[in-house]
Number of protein chains: 2
Amino acid sequence: MISVDYIINADYILPMDESLSIIKNGAIAVKGPSIVGVGAKDEIFKRYIASNIINGESKVVFPGLINTHTHAAMVYFRGIADDLPLKEWLENHIWPVENRWLSPEFITDAVELACVEMLKGGITTYNDMYFFEDAAARVTKKIGMRAVLGVGILDFPTKSASTSDEYFSNAEVFIKDWQGDSLIIPCIAPHALYTCSSETLKRVRKVADFMNVPIHIHLSETRWEVEEIKRRHRMSPVEYLEDIGFLDERVVAAHCVWLDDSEIEILAKRKVGISHCIESNLKLSSGIAPVVEMLKAGVKVSLGTDGAASNNDLNILSEMSTAAKVHKTYAEDPTALDAKTALLMATRWGAEVLGLGNITGSILEGKSADIVIANLKKPHLMPIYNIYSHIVYSMLSSDVEMVMVNGKIVINDGKLTTADESEILFKARMWNEKISTSLSCPQVPY
Amino acid sequence: MISVDYIINADYILPMDESLSIIKNGAIAVKGPSIVGVGAKDEIFKRYIASNIINGESKVVFPGLINTHTHAAMVYFRGIADDLPLKEWLENHIWPVENRWLSPEFITDAVELACVEMLKGGITTYNDMYFFEDAAARVTKKIGMRAVLGVGILDFPTKSASTSDEYFSNAEVFIKDWQGDSLIIPCIAPHALYTCSSETLKRVRKVADFMNVPIHIHLSETRWEVEEIKRRHRMSPVEYLEDIGFLDERVVAAHCVWLDDSEIEILAKRKVGISHCIESNLKLSSGIAPVVEMLKAGVKVSLGTDGAASNNDLNILSEMSTAAKVHKTYAEDPTALDAKTALLMATRWGAEVLGLGNITGSILEGKSADIVIANLKKPHLMPIYNIYSHIVYSMLSSDVEMVMVNGKIVINDGKLTTADESEILFKARMWNEKISTSLSCPQVPY
């Protein structure tokens, strides 16, 4: 008998392995930060002895969900300006409130709220692009969540930096400080092609190669953006990035709504990872990304929530449901993007897109214990014929009961274990009052 | 001081009245089945004295949601056949399991589960089309929910009837038995134009007029259906119904995905109520209904979940979110179908579509007390700038804490008060096992 820290058993375990197996009456052994055994309940209990046994009767276990594109701190701007076009929303509402409010203190409190929201919905890893990422890193680590955190780079001044050199020096310091951490993966995040010059993008590429970090960028989110890039460079956005040698598997490109076939081919060839943000794209009326075509071409597509100011939540369960439904209609094919594919995008493929394929995204021996347990004994989850479609089409984030990140239980019985949730909500309320009094835009009634 | 049964106070009350007012620190007085006062908290407490005070600190109150198209009992087929085209799904999967399993006992147990799911998500009224509706009526009334229940009429035999005369006689007996009930409104429900002859439809119309009941029908759900009707009658579906004198405000037409402009005009002129079922339509790849065009033409559009076999839940909060997002992109206009409109479709307009505009759908003096209280003190609902967008874009059905129907509390602190939920789940599990063992279709893994 090998002694371990936890044995988790459940009615159903979905390891999201290559064969997409379903282990009925399965169990998982966890030792330290790692999964050391996965299999039938009887076998696991024969091989391992655990200090803690987690009983998953009427429950399903699946890998921690991966949110591959967000601006976590924007939860503090949730619903601040709705039902507006992206450019107006961004330039007349979001950028002004950001310029007024962003600070390390704001980021600390806001990211803490975002982490709680994400963990409670079964998200164990998120990929961020924002400012003051050192504050985000500290609080994310304190809460016990895994994150790839990208220091935002722009060609104009913001609260975080005034000059290009300052942006890059911030990024380099952040990367040095956090590289090698068990939960935080530093990254560099040029905002977009329309806000970063060729020079900036090439410099990002050099820094990323030299420091061996991922690159996180917005790409072809709106039709306006694509036209603007074509006007400036006489090439489509993806062709342009290919031309300047920007693309490879280090790059995580968010949105990719407006792509032609030759761009899809380039993204496949260069193994660029895509973060598909269906709810944000729909809500901002940006368009619908050619996900089915990308998948057919072999492009790795994952799911992102985008920031809560354009969604308005950080909920990957709901992104799966929306993506699977919308792409069936968009492709005029009800077999397109089935439930299993949606869950793959939200787990294993998400991890691979972030370069974390060896660490998280599936429940396999040797991987980190990033695990979700959800309760199936709910009216909206009964009866059960197909566990995949249940998770994708019927499960709510409130069905998530336990979340483990890196072998540590961070949500237990639906409650945060690593900080005081009521204090986090209290801080949100204080910021809410401050920010509300500063608003003048008529879209916001109070 | 007038004595009442309840005073409900809350941070926000959204009466969904004509001016779409927001009452901050508001209260509602309820006496017997009715709302007798709505206003500022101070005023209500000055005018009324209550046996029970419901404290809504950090909470929002809105009218009970209206689900204008479902087949409630189909919750027992939730996820039984996914990711398939409507015709194959219906003819090769759903009709066979229905023929095998439907009975008054099945309907009683399944509808009970459906009512619990709907009430827990803030739905207080549903509009049904199915079989053995007497069983559905009894259990719905027992649970304490409001429903318009339509006896399904088809031109071929099912478990419920063998001949056309038997279908009609079932319907007439059901209508007589339930007309005048405080919660159950009987209705007649011809399935669709492709399953009911002109003769059947004309007979339905006569019965409905004579007995003064609503008519509930599927209309133009798929492209196939529209082509089939054009082939049979050389008219589009709506033109054909107009031609046989079928249309007026008594009719609730579900789906209406494939309409041309002249059909929209007829629906507006005849004041036909529409049930838009966006999630079911997306999932079955049926297409996207021209909701923005219908609203512009003055057609009253409400929201329906359809059955849980094609959705896979009975969740109007999520239908609002999906509808508001999808139509922004479909209309290429991010201001299309804003949060307020979505909530109107799910409340007041839903009630009007069902002919219940005087009874439910808004929080006004004299209306029935069909009321939802939801908790805002959740990570995914903080901070708050716009309460409408919060309900539509961020709220989960699990945020619903209290639900009152006709002045009676049916969900309290998130728990059913009118029956034993664990027993309802146990019955679902028993049926699950029986139905599973009878399945042979390869889409269902177990």
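Give all pairs with beta carbons closer than 7 Å in which a residue from segment B:98-109 that is in contact (Cβ under 8 Å) with a residue 60 or more places away in the chain meets a residue that is open to solvent by 30 Å² or more (accessible area, probe 1.4 Å) and of a type in the set (Gly, Ala, Ser); count only pairs at least 6 apart in sequence or on separate chains.
That search, which allows pairs on different chains as well, returns B:Arg100/B:Ser438.
Quick one: count up the residues across segment B:318-342 that are closer than 15 Å to B:Ser397 by Cβ and touching a strand residue (DSSP E or B) at 6+ places or on another chain (Cβ under 7 Å).
2
Which residue, of B:Gly56, B:Gly64, B:Gly37, is over 30 Å from B:Arg429 (Cβ atoms), surrounded by 24 or more Cβ atoms within 10 Å (Cβ to Cβ), more than 13 Å from every other protein chain (Cβ to nearest Cβ) and not hydrophobic (A, V, I, L, M, F, W, C)?
B:Gly56
Can you pull out every residue in segment A:270-295 that is closer than 21 Å to A:Val204 by Cα and either surrounded by fewer than 24 Cβ atoms within 10 Å (Cβ to Cβ) or more than 19 Å from the chain's Cα centre (by Cα) (or both)?
Correct list: A:Arg270, A:Lys271.
State all residues of segment A:337-354 that are under 18 Å from A:Asn315 (Cα atoms) and touching a His at 6+ places or on another chain (Cβ under 8 Å); if no residue qualifies, say none.
A:Met345 - this is the single residue of segment A:337-354 that is under 18 Å from A:Asn315 (Cα atoms) and touching a His at 6+ places or on another chain (Cβ under 8 Å).
Quick one: B:Ser236 ticks every box in (1) farther than 20 Å from B:Trp258 by Cα; (2) surrounded by 14 or more Cβ atoms within 10 Å (Cβ to Cβ); (3) among the polar types (S, T, N, Q) bar one, so which box is it?
Every listed condition holds for B:Ser236 apart from (1).
Scan segment B:221-233 and report the pairs whose first residue is farther than 22 Å from B:Asp306 by Cα and whose second residue is among the acidic types (Asp, Glu) and open to solvent by less than 100 Å² (accessible area, probe 1.4 Å), with Cβ atoms within less than 9 Å and a gap of 6+ or a chain change.
Filtered contacts from segment B:221-233: B:His233/B:Glu239.
Looking only at segment B:67-107, which residues are away from every other protein chain (no Cβ under 14 Å), of a type outside the set (A, V, I, L, M, F, W, C) and surrounded by 19 or more Cβ atoms within 10 Å (Cβ to Cβ)?
B:Thr68, B:His69, B:His71, B:Glu98, listed by residue number.
For B:Ser262, which of the numbered conditions (1) of a type in the set (Ser, Thr, Tyr); (2) at pLDDT 95 or above; (3) open to solvent by less than 10 Å² (accessible area, probe 1.4 Å) fails to hold?
Unmet condition: (3).
Considering only segment B:386-409, how many residues are touching a Ser or Thr at 6+ places or on another chain (Cβ under 7 Å) and within 15 Å of A:Pro379 (Cα to Cα)?
The number of residues fulfilling the criteria is 2.
If A:Ile44 satisfies every condition in (1) over 29 Å from A:Pro214 (Cα atoms); (2) open to solvent by less than 70 Å² (accessible area, probe 1.4 Å); (3) part of a strand (DSSP E or B) but one, which is the exception?
With respect to (1) over 29 Å from A:Pro214 (Cα atoms); (2) open to solvent by less than 70 Å² (accessible area, probe 1.4 Å); (3) part of a strand (DSSP E or B), A:Ile44 is out only on (3).
Of all residues in segment A:206-220, which are open to solvent by 10 Å² or more (accessible area, probe 1.4 Å) and either over 17 Å from A:Ala254 (Cβ atoms) or aliphatic (A, V, I, L, M) (or both)?
A:Lys206, A:Val207, A:Asp209, A:Phe210, A:Met211, A:Asn212
Determine whether A:Ala339 is among the small types (Gly, Ala, Ser) and within 13 Å of another protein chain (Cβ to nearest Cβ).
Spelling it out, A:Ala339 is indeed among the small types (Gly, Ala, Ser) and within 13 Å of another protein chain (Cβ to nearest Cβ).
Name every residue in segment A:110-120 that is touching a residue at least 60 places away in the same chain (Cβ under 8 Å) and open to solvent by less than 30 Å² (accessible area, probe 1.4 Å), in order of residue number.
A:Ala110, A:Glu112, A:Leu113, A:Ala114, A:Val116, A:Glu117, A:Met118, A:Leu119, listed by residue number.
Taking segment A:432-446 as the search range and keeping residues that are more than 8 Å from chain B (Cβ to nearest Cβ) and part of a helix (DSSP H, G or I), which one is modelled with the lowest pLDDT?
A:Thr437
Within segment A:140-189, how many residues turn out to be of a type outside the set (Gly, Ala, Ser) and open to solvent by less than 50 Å² (accessible area, probe 1.4 Å)?
22
Does A:Met320 satisfy being over 30 Å from B:Trp258 (Cα atoms) and either at pLDDT 95 or above or buried (at least 24 other Cβ atoms within 10 Å of the Cβ) (or both)?
So A:Met320 does not fit the description; no.
Counting residues that are in contact (Cβ under 8 Å) with a residue 60 or more places away in the chain and within 12 Å of chain A (Cβ to nearest Cβ), which helices (runs of 4 or more DSSP H) fully inside segment B:251-328 reach at least 3?
none
Go through segment B:52-104 and count every residue that is in contact with a Lys or Arg (Cβ under 9 Å, 6 or more places away or on another chain) and among the basic types (Lys, Arg).
Final tally of qualifying residues: 2.
The values are calculated or read from the model by the stated rules, or taken from the named source; none is laboratory data. None of these values were measured; they are calculated from a predicted model. Note: ideal-geometry Cβ built from the backbone for every residue, glycine included; neighbour counts use all protein chains shown. To get the accessible areas, we keep the full protein, side chains included, count just its heavy atoms, and leave off ligands, DNA and RNA. Shrake-Rupley method; radii C 1.70, N 1.55, O 1.52, S 1.80 Å.
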